[in-house]
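Written out below as structure tokens is the structure these notes cover.
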Amino acid sequence: MMRRVGLILVGALFLMASAACSKKASGEEVVINIPPSFSGNFVLEMGVKNAPELAKEGAGYLVTIPKDGKLTTSTLLSNPQVSFQNSSDGAVWGYSHSVYSTGDGIAVGGRIEFFVGTKKDFDAQENKKNHSGDFAESKTLTAVL
């Protein structure tokens, strides 16, 4: 009888632990403000030493896209919940979020990027990228000892 109760308790503890571990952590709220005059690529480099932190707005962050579309911050957003305040005529295309980590899983940097404009402009931008998969010609250096 005691053995059965012990097994039930161990099973219940296992279920509780697995349920707690399976819940996704809610990410940081991020509002990206797209100004009316902006179109093109946007890149946010995160986790950069000595760069300014992102501006806080309430419980989340507010990011306003600069004219050149590039922003660097020391803030590292691992699991952001992104929303857009789009004042431009274009839509957001190709959104991606990446986190760079060490071999033992410690996040050390990241990147958020997307395109703002028409679908036609986005497709043209994508076609400019090199999709051939070929490696650039390598050069061999010879040292004389």
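Each value in this text was obtained by applying a stated rule to the coordinates, not by laboratory testing. Just so you know, these numbers come straight off a predicted model, no measurement behind them. A quick note on method: Cβ atoms are made from the backbone with ideal geometry, for glycine too, and the neighbour counts reach across all protein chains shown.
A straight Cα-to-Cα reach below 20 Å connects Lys128 with the aspartates and glutamates Asp68, Glu113, Glu137, residues fewer than 8 places away in its own chain not being considered. Backbone amide hydrogens, once placed in the peptide plane, bring Glu57 within less than 5 Å of Leu62, excluding anything fewer than 5 places away on its chain.
Within region 31-115, which GluC sites (Glu not before Pro) sit in a loop by DSSP and count at most 16 neighbouring Cβ atoms inside 10 Å? Passing both the DSSP loop test and the Cβ count: Glu53. Close amide-amide hydrogen proximity is noted between Thr118 and Ala91, each under 5 Å apart and 5 or more residues distant or on a separate chain (H modeled in the peptide plane; Pro and chain starts excluded). Computing FRET efficiency as 1/(1 + (r/R0)^6) for Gln125 and Glu29, where r is the C-beta to C-beta distance and R0 is 30 Å, gives about 0.60. Among Val99, Val116, Val30, Val43, the ranking by other beta carbons within 10 Å of each residue's beta carbon, starting with the fewest, stands as Val43, Val99, Val30, Val116.
With both labels modelled 7 Å from their Cα along Cα-to-Cβ, the Glu53 to Ser96 distance reads 3.0 nm.
Could you list the residues of region 102-126 with an amide nitrogen less than 20 Å from a label point located 7 Å from the Cα of Asn86 in the Cα-to-C-beta direction? Of the residues in region 102-126, 112-126 have backbone N under 20 Å from the label point off Asn86.
3J(HN,Hα) along region 102-119: 6, x, 9, x, 7, 5, 10, x, x, 7, 10, 8, 6, 10, 10, x, 7, 4 Hz, from the Karplus curve 6.51 cos²θ - 1.76 cosθ + 1.60 with θ = phi - 60°, whole Hz, x for Gly and Pro. Of Lys70/Lys120; Lys67/Lys129; Lys49/Lys119; Lys49/Lys129; Lys49/Lys120, which ones are farther than 31 Å apart at the Cα? Where the Cα-Cα span goes over 31 Å, the pairs concerned are Lys49/Lys119; Lys49/Lys120.
Taking a quarter of the surface of the Cα convex hull of region 25-126 gives a mean projected area of 7.2 nm².
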